[in-house]
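Asks: One structure coming up, written as structure tokens, with questions to follow.
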């Protein structure tokens with residue numbers, strides 16, 4: 001699981017049927033201080049996150065399918081939480 | 001899952017039986033600014049994309065789940081044709097509150 005910030009969303013009409021009821025968001029990984037880390041990617045949303053939200057993302061297919069309630073659909077990344085607070089002890 | 005631009009097609013006459021009837025396209029992965037990221041790859045297509053299409057695709061085990069035969073030996077599949085990419089880069093809302101204190 002990684003921390004990300006939501007950067008936007010992607011709209012597609014012609015798509016695999018499993019994406020019909022799931023929003024696809026652009027997420028940018030961030031570190032424990034909230035600074036950008038690496039390249040952005042796409043993730044399905046399960047918690048109604050919006051631009052600017054800090055979110056918890058699983059970049060693994062089995063977790064994504066479990067959260068989205070399916071077992072045979074091509075989900076690879078999912079947003080499964082909106083982060084309220086991050087505390088790191090040794091800075 | 002990532003964005004990509006379709007840049008060409010791949011034709012294979014001899015291939016694994018599970019890939020018969022499945023179109024294979026060359027795609028260039030893109031970042032959210034639609035600039036190329038990394039090298040082009042071959043990906044299976046289930047949404048009838050064509051050269052020039054902006055698409056989203058998935059890698060790894062999940063990609064074969066998009067195909068008619070879900071155990072096909074595939075590691076990239078195009079899962080949708082993108083109409084619009086909305087980037088609203090507002091940074092992190094309430095960054096101080098979320099990442100601010102150590103305790």
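Read-outs: derived from the displayed coordinates by stated rules, not from any lab. Note that this is a predicted model, so its numbers are computed, not measured. Positions of Cβ are generated from backbone atoms using ideal geometry, with glycine treated the same way; all protein chains shown enter the neighbour counts.
Asks: Any residue at all in segment A:23-31 that is at positive phi, at the interface with chain B (Cβ under 7 Å from one of its Cβ atoms) and not in a loop (DSSP other than H, G, I, E, B)?
Replies: So far as segment A:23-31 goes, no, none of its residues is at positive phi, at the interface with chain B (Cβ under 7 Å from one of its Cβ atoms) and not in a loop (DSSP other than H, G, I, E, B).
Asks: Do we find a residue being within 18 Å of residue B:72 (Cβ to Cβ) and loosely packed, with under 12 Cβ neighbours inside 10 Å anywhere in segment B:25-42?
Replies: No, the conditions are met nowhere in segment B:25-42.
Asks: Name every residue in segment A:36-49 that is in contact with a strand residue (DSSP E or B) (Cβ under 7 Å, 6 or more places away or on another chain) and surrounded by fewer than 16 Cβ atoms within 10 Å (Cβ to Cβ), in order of residue number.
Replies: A:36, A:37, A:38, A:47
Asks: Would you tally the residues in segment A:51-70 being surrounded by fewer than 16 Cβ atoms within 10 Å (Cβ to Cβ) and facing chain B (nearest Cβ under 9 Å)?
Replies: 1
Asks: Kindly provide the set of residues from segment B:60-75 that are crowded, with 20+ Cβ neighbours inside 10 Å and either facing chain A (nearest Cβ under 7 Å) or within 22 Å of residue A:28 (Cβ to Cβ) (or both), ordered by number.
Replies: B:62, B:63, B:65, B:66
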